[in-house]
Amino acid sequence: MKNSYFLSVVALLLAASLSAQAPFTTFDTAYVAGSTVIRVSPSLKANVVFREGSNWVRLERQDGFKAVVPAPREHDFLTYLPNPTNPNGKGLLAVNHERSTIRSERPALGMGGAMSIVPVVRVGDTWRIDNSIAIGDTCFAVDFSPVGFTTTNCGGALLSTGNVLTGEEIFANFNSNQQISNNFDTLLNQFGYDGQGNYTIPASVPEFGGRKIKMFQNFGWLTEVDPNTRRAVRKLYHAGRMSFEGTVELGDRRTLVHGNDFVPNSALPHGSFIYKYVADKPGDFTTGNLYVFKQNPGSYEGVWLQIPRNLDSLLIAPAIATRMGATFFQRIEWTRLDPVTGRVYLAETGRDNQSMALSMRNGATVPQHWRDGNLFNPADSVCRHPYGAVLVLENALTDKPSVRVHLWGGPEVPNNPAASKFVFNSVDGIALATYGNKRFLVLQEDNIGTSLGRIVPSFVGAFPYEVPKAFMLDLDIPNPTPANLHLFLTGTRDAELTGAVMTPDGSTCFVNNQHPNGTGESFASDTVGNVSSLGNVYPFQRALTVAITGFDPKLISSIPKIDQDAEELVLFPNPTFRAVHFNKIVDIELYNAQGQLLRVREQVAHVNVDDLEPGTYFLRTQHDQKTYRIVVTR
């Protein structure tokens with residue numbers, strides 16, 4: 001048995017090395033049955049870094065007020081700011097807290113939501129709070145008083161300037177001051193509020209400075225935070241008010257792409273749209289123009305429609321988008337840029353049964369992939385999208401953008417959950433892991449249900465709990481399916497995995513386990529041995545941030561880095577059975593041994609060969625007409 005096991009491990013590592021599938025050993029679902037704790041692949045190691053209630057945060061407000069309180073609940077968006085001198089071993093974590101009830105839970109922090117700044121350092125193969133910056137287990141809370149506070153801090157982005165954006169996710173209950181009065185002091189006479197439920201936009205905001213809006217209207221924006229001063233800088237009023245999820249900065253340093261996680265209701269009958277915000281100046285997102293995507297009839301290609309650049313329109317951006325005929329989607333959550341291709345990947349979480357009749361009646365339009373995937377029934381205007389999908393936005397910086405499906409959710413074995421090791425569904429978080437010339441999407445789930453085979457029974461034992469999973473997906477795979485996913489992490493029962501972010505070398509992944517038990521139970525007795533009502537055990541019955549180490553870049557680091565000035569073209573691996581990578585971006589032609597042209601590719605750094613029969617093939621580069629021999633094996 002010992003020899004057999006050893007040979008199996010060697011075979012796994014050899015296969016990973018040759019195919020560059022993933023920088024870890026994918027684990028079997030039997031290993032994660034139960035899921036009352038966070039579990040990772042056997043080749044990885046996880047440790048808790050920052051936990052609700054166990055750690056503390058220190059607030060130092062701009063008016064001199066200071067307080068130390070237990071770390072807030074619900075860790076959502078997460079980003080890592082590396083230390084310049086030790087980028088893979090030391091840095092800051094910025095952690096969103098998706099709460100609107102800070103006023104009652106941590107009143108010293110103000111009202112609405114929160115963000116924590118957590119200094120971290122690597123010691124061996126674990127990460128801990130950096131006590132050279134923090135005071136013991138006490139980290140830092142961001143001061144949001146300069147912008148009139150924040151709420152429900154969900155997604156966000158790390159900007160090229162080093163500042164952080166946090167997205168305020170508001171729903172239909174942010175439609176009047178009366179609706180928010182339980183969690184917000186609507187008679188506040190401080191921090192920009194006038195004691196009568198109004199907020200004055202700071203004079204420093206061009207075009208809108210000095211305008212009065214209702215308190216509820218001051219929530220639902222992208223808010224920019226300086227993680228070094230731990231203070232909110234501004235709200236991006238020009239970027240529109242909506243139920244924000246993720247956003248991402250594109251390579252021009254002017255453009256943000258974001259979605260809004262929203263489902264239509266009678267009070268607000270708009271949908272979830274894809275937006276593009278273009279700043280007036282690179283690196284400064286204070287002012288700019290907001291656009292929304294509209295697909296052309298019968299096509300994946302579409303256009304960007306500009307939302308009028310006035311405050312009255314931007315306050316109700318989704319309603320304006322609906323009237324303009326924008327294309328709705330089913331809960332657009334996180335977004336992530338592939339800097340090599342310029343493509344933007346978006347999480348469409350999905351929903352079991354959602355009537356779109358109200359949105360359509362007001363002008364919004366149906367996306368093409370709903371029609372092609374038979375997700376939408378014109379007879380009742382209901383979208384049935386239980387597994388969700390990863391979408392890809394191409395040509396975002398042009399006037400001819402397109403949106404299509406990159407990866408459908410569903411069983412590992414198509415149409416057969418019972419035969420599958422897992423079912424990929426309800427994608428929420430998206431991150432990017434880079435190893436040399438290889439890129440992987442890091443996909444995280446927030447399961448919306450256990451029916452329709454979404455939770456394989458053997459995965460959780462005898463109980464139908466929602467158990468979120470996290471995977472890596474090789475971006476070199478064309479037209480991927482769930483069978484191409486590599487499982488490396490499961491969360492606790494009825495939790496959400498979110499916020500994944502890698503260190504620059506890809507050796508560590510930080511990720512959050514949010515709202516375990518679905519509601520994120522807190523316990524008066526928070527000790528070892530404590531068990532939640534669903535069986536989650538200490539310390540995993542509270543929201544927390546974990547560091548996962550053991551990702552091995554050496555498994556795929558042999559892939560050549562791009563160097564357009566290199567004299568010779570390098571191909572690796574060769575022989576191969578999946579893809580051949582180059583050290584230059586080139587135009588190529590691929591021929592079989594009989595001289596038949598099989599493929600023509602322009603401006604590529606690799607070519608996939610996993611569908612070809614074993615044998616010898618020939619690659620010709622078009623710029624110099626040189627020919628290279630490729631051997632495909634199995």
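Restricted to strands (runs of 3 or more DSSP E) entirely inside the range 194-245, those with at least 3 residues that are crowded, with 22+ Cβ neighbours inside 10 Å and touching a residue at least 40 places away in the same chain (Cβ under 8 Å) are 222-226. If only residues of the range 606-634 that are over 11 Å from Leu571 (Cβ atoms) and not in a loop (DSSP other than H, G, I, E, B) are counted, the one that is modelled with the lowest pLDDT is Asn608.
May I ask you to verify whether Lys281 is within 13 Å of Thr365 (Cα to Cα) and of a type outside the set (Ser, Thr, Tyr)? Answer is no for this residue.
Condition test on Asp587, is it at pLDDT below 90 and farther than 30 Å from Asp505 by Cβ? For Asp587, the condition - at pLDDT below 90 and farther than 30 Å from Asp505 by Cβ - is not met. Screening Arg620 on (1) more than 35 Å from the chain's Cα centre (by Cα); (2) under 25 Å from Arg343 (Cβ atoms) shows it passes everything except condition (2).
Of the residues in the range 477-499, how many are surrounded by fewer than 24 Cβ atoms within 10 Å (Cβ to Cβ) and closer than 15 Å to Ala46 by Cβ? Total meeting the criteria: 1.
Could you grab me the full set of residues in the range 289-314 that are touching a Gly at 6+ places or on another chain (Cβ under 8 Å) and in contact (Cβ under 8 Å) with a residue 40 or more places away in the chain? Within the range 289-314, Leu290, Phe293, Lys294, Gln295, Ile307, Leu314 qualify.
Evaluated against (1) modelled with pLDDT of 95 or more; (2) surrounded by fewer than 20 Cβ atoms within 10 Å (Cβ to Cβ), Arg336 falls short on exactly one condition, (2).
Select from the range 78-92 the residues that are open to solvent by less than 50 Å² (accessible area, probe 1.4 Å) and polar (S, T, N, Q) and write down the one among them that is farthest from the chain's Cα centre (by Cα).
So, considering only residues that are open to solvent by less than 50 Å² (accessible area, probe 1.4 Å) and polar (S, T, N, Q), the one farthest from the chain's Cα centre (by Cα) is Asn83.
Picking from residues in the range 404-417 that are buried (at least 23 other Cβ atoms within 10 Å of the Cβ) and touching a Phe, Trp or Tyr at 6+ places or on another chain (Cβ under 6 Å), the one that is farthest from His369 (Cα to Cα) is Gly410. Would it be correct to say that Gly429 is open to solvent by less than 50 Å² (accessible area, probe 1.4 Å) and at positive phi? For Gly429, the condition - open to solvent by less than 50 Å² (accessible area, probe 1.4 Å) and at positive phi - is not met.
Inspection of the range 182-191 identifies no residue that is within 22 Å of Arg331 (Cβ to Cβ), part of a loop (DSSP other than H, G, I, E, B) and of a type outside the set (A, V, I, L, M, F, W, C). Among the residues of the range 41-75, those identified as assigned to a loop (DSSP other than H, G, I, E, B) and touching a strand residue (DSSP E or B) at 6+ places or on another chain (Cβ under 7 Å) are Ser41, Leu44, Glu52, Gly53, Asn55, Arg61, Gln62, Ala71, Pro72, Arg73, Glu74.
Just one of (1) under 34 Å from the mean Cα position of the chain (by Cα); (2) open to solvent by less than 60 Å² (accessible area, probe 1.4 Å); (3) not acidic (Asp, Glu) fails for Gln603. It is (2). Asn353 satisfies every condition listed in (1) open to solvent by 10 Å² or more (accessible area, probe 1.4 Å); (2) under 29 Å from Asp252 (Cβ atoms); (3) in a strand (DSSP E or B) except (2).
Screening the candidates Gln564, Gln603 for the property of being modelled with pLDDT of 85 or more and in a loop (DSSP other than H, G, I, E, B) yields one hit, Gln564.
The single condition from (1) of a type outside the set (S, T, N, Q); (2) modelled with pLDDT under 95; (3) open to solvent by 50 Å² or more (accessible area, probe 1.4 Å) that Arg331 fails is (3). You will find that of Asp280, Asp252, the residue that is surrounded by fewer than 22 Cβ atoms within 10 Å (Cβ to Cβ), out of contact with any Lys or Arg (no Cβ under 9 Å at 6 or more places or on another chain) and charged (D, E, K, R) is Asp252 and no other. Being among the aromatic types (Phe, Trp, Tyr) and in contact with a strand residue (DSSP E or B) (Cβ under 7 Å, 6 or more places away or on another chain) is the filter; apply it to the range 182-193 and report the residue that is surrounded by the fewest Cβ atoms within 10 Å (Cβ to Cβ). It comes out as Tyr193. The residues of the range 106-137 that are in a helix (DSSP H, G or I) and either at pLDDT below 95 or surrounded by fewer than 17 Cβ atoms within 10 Å (Cβ to Cβ) (or both), listed by number, are Pro107, Ala108.
The values are calculated or read from the model by the stated rules, or taken from the named source; none is laboratory data. Computed from a predicted structure; not experimentally measured. With ideal geometry, Cβ positions are generated from the backbone for all residues, glycine too; neighbour counts draw on all protein chains shown. Quick note on the areas: whole protein, heavy atoms, side chains included, nothing else; ligands and nucleic acids left out. Shrake-Rupley method; radii C 1.70, N 1.55, O 1.52, S 1.80 Å.
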